[in-house]
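This report concerns only the one structure given below.
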Amino acid sequence: MNRLLAMLALAAAVLLATAGVASAHVDVEAEEPVAGATTTVTFSFHHGKDGTATTGLEVKLPDGASVVEVPEVPGWTSSVDEAAGIVSWTGGSVPDGQDGVFPVVLVLPPTPGEVLFPTVQITEAGELAWIDEEQGEGEDVSSAPRLTLAADPNAAATTTTTTEAEPSTTTSEPVEVTTTTNDLPGSVLEAEARGDGEDESLAPVVIGSGILALVAIGVGGLLLKRRMG
């Protein structure tokens, strides 16, 4: 009986310890999780490590995100490394079991979908690294905080308008079509031009021939009258 009780107590202790670890994480929330939006993103936690206080927090921003402002957190000092894309808070202390809340105003990445915020939580007992790309389950609790960004409806409307405008731009090129048609050999215009030219070149010949015929007729008539007379 004593051995059974000891085994049950050990199982209960393991279960409680596992539950405590599984609940340990850093949450991230956004007021407007829309791709390309400027919004407040908040990182929060409710624990330290081994019962100790949290004394620092470092967050790596996803590609395409940028910091607009870091609101003041009483008792903490914030800094931004724009080149590395890291926002950090130091100098304060959040006891284990109390809420730590750290907001930052960001321009979110422009592409919809899931984005990660790898985070390192610094405690008096060491660091907790929440950096894994895969979503943690069970005892795997080191997943990075993440957001799913929705598509910007305004950006979609702009894209549609631009797409509809492209065909009108493409088809408004009558110069090339007209030029190609006029350059075709044997066109109606060229045929008419050639016909007009031939008529003009034959006109003097026809007129001259008519005059000569009339003169010949007149001379022939005079000669005939003289002979008969």
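The values are calculated or read from the model by the stated rules, or taken from the named source; none is laboratory data. Please read these numbers as outputs of a predicted model, since none were measured by experiment. Note: ideal-geometry Cβ built from the backbone for every residue, glycine included; neighbour counts use all protein chains shown. Keep in mind that these areas ignore ligands, DNA and RNA; they rest on the heavy atoms of the full protein, side chains included. Shrake-Rupley method; radii C 1.70, N 1.55, O 1.52, S 1.80 Å.
Could you please tell me which pairs satisfy a Cβ distance under 8 Å, a separation of 6+ or placement on different chains, a first residue in the range 63-86 that is of a type in the set (Ser, Thr, Tyr), and a second residue that is loosely packed, with under 13 Cβ neighbours inside 10 Å and assigned to a loop (DSSP other than H, G, I, E, B)?
Every condition considered, the pairs that remain are 66/82; 78/72.
Take the residues in the range 91-125 that are hydroxyl-bearing (Ser, Thr, Tyr) and open to solvent by 40 Å² or more (accessible area, probe 1.4 Å); name whichever of them is farthest from residue 30 (Cα to Cα).
Out of the qualifying residues, it is 93.
Kindly provide the set of residues from the range 33-83 that are in a loop (DSSP other than H, G, I, E, B), open to solvent by 70 Å² or more (accessible area, probe 1.4 Å) and closer than 21 Å to residue 111 by Cα, ordered by number.
Of the residues in the range 33-83, the ones in a loop (DSSP other than H, G, I, E, B) are 33, 35-37, 46-53, 61-65, 70-76, 82-83.
Next, only the ones that are open to solvent by 70 Å² or more (accessible area, probe 1.4 Å) stay: 46, 50, 63, 72, 74, 82-83.
Scanning the range 33-83 gives 63, 82, 83.
Here are the criteria: (1) at pLDDT below 95; (2) of a type outside the set (A, V, I, L, M); (3) in contact with a strand residue (DSSP E or B) (Cβ under 8 Å, 6 or more places away or on another chain); (4) open to solvent by 30 Å² or more (accessible area, probe 1.4 Å). Tell me which single one residue 153 does not satisfy.
Unmet for residue 153, out of (1) at pLDDT below 95; (2) of a type outside the set (A, V, I, L, M); (3) in contact with a strand residue (DSSP E or B) (Cβ under 8 Å, 6 or more places away or on another chain); (4) open to solvent by 30 Å² or more (accessible area, probe 1.4 Å): (3).
Looking at the range 85-100, which of its residues are closer than 22 Å to residue 149 by Cα and part of a loop (DSSP other than H, G, I, E, B)?
Scanning the range 85-100 gives a single hit, 85.
Report, ordered by the first and then the second residue, all pairs with beta carbons closer than 8 Å, sequence separation of six or more or different chains, a first member in the range 41-54 that is free of Cβ contacts under 8 Å to residues at least 12 places away in the same chain and closer than 10 Å to residue 96 by Cβ, and a second member that is in a loop (DSSP other than H, G, I, E, B) and open to solvent by less than 10 Å² (accessible area, probe 1.4 Å).
Correct list of pairs: empty, since none qualify.
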